Amino acid sequence: MKTSADLKAEILVALAHPNRIRILELLRKDVMCNCELAPALELEQSNLSRHLKILVQAGILNSWKDGLRVNFKVADDRIFKILNVAAAIARRETEKKAEALEA
């Protein structure tokens, strides 16, 4: 049986790729199909599909077919809180490095 730490790690591992974060940022605004995501991200369909599969398996995205389209939606908007905190930490670290260079 998976522990709470295991489950948290699965989510964080799924987020641990720049392309997957870019996918989530696009889906922050609206539902999109893979046919819209690929050109927006300038990714090959096979590469995009691999990243989408990881996000779906981690429970971060929901997907469903609509004719030939496969649509994707963020399963829980609280994922953006995690991304926002990561962005704030990254900004702080960037500012600290810039201050060190100025000193």
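Each value in this text was obtained by applying a stated rule to the coordinates, not by laboratory testing. Every value quoted in this text rests on a predicted model; they were computed, and no experiment measured them. So basically every Cβ, Gly included, is an ideal-geometry build from the backbone, and we count neighbours across all protein chains shown.
The table that follows gives values for the structure above.
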| quantity | calculated |
| --- | --- |
| Helical mean residue ellipticity (222 nm; -39500 (n - 2.57) per DSSP H run of 4+; nearest 500) of the chain | -21000 deg cm²/dmol |
| Gain in span if fully extended, Glu95 to Phe80, counting 0.36 nm per residue against the direct Cα distance | 3.2 nm |
| Part-to-part distance (alpha-carbon centres) for segment 13-39 and segment 70-94, which is given in Å | 11 |
| Length released on extending from Asn47 to Asp66, taking residue separation times 0.36 nm less the Cα-Cα span | 4.7 nm |
| Crossing angle, helix 79-102 versus the chain [Cα axis fit, 0-90 degrees, rounded to tens] | 30 |
| Partners for Lys97 among lysines (Cα-Cα distance below 25 Å; same-chain residues under 8 apart left out) | Lys81 |
| Lysines with Cα under 23 Å of Lys2, excluding same-chain neighbours fewer than 8 positions away | Lys53 |
| Computed P(r) (all Cα pairs; segment 4-76; 10 Å bins; percent) | 20, 58, 20, 3 |
| Candidates Glu42, Glu25, Glu93: whichever shows maximal mean-square fluctuation once the chain is modelled as a Gaussian network with Cα springs under 10 Å | Glu93 |
| 5 angstrom amide H check on Met32, placed H, neighbours 5+ away | Phe72 |
| Reach of Lys65 by Cα under 18 Å, taken over aspartates and glutamates that are not fewer than 8 positions away in the same chain | Asp30, Glu36 |
| Packing rank of 82-90, 29-37, where each peptide gets the mean count of other beta carbons within 10 Å, highest leading | 29-37, 82-90 |
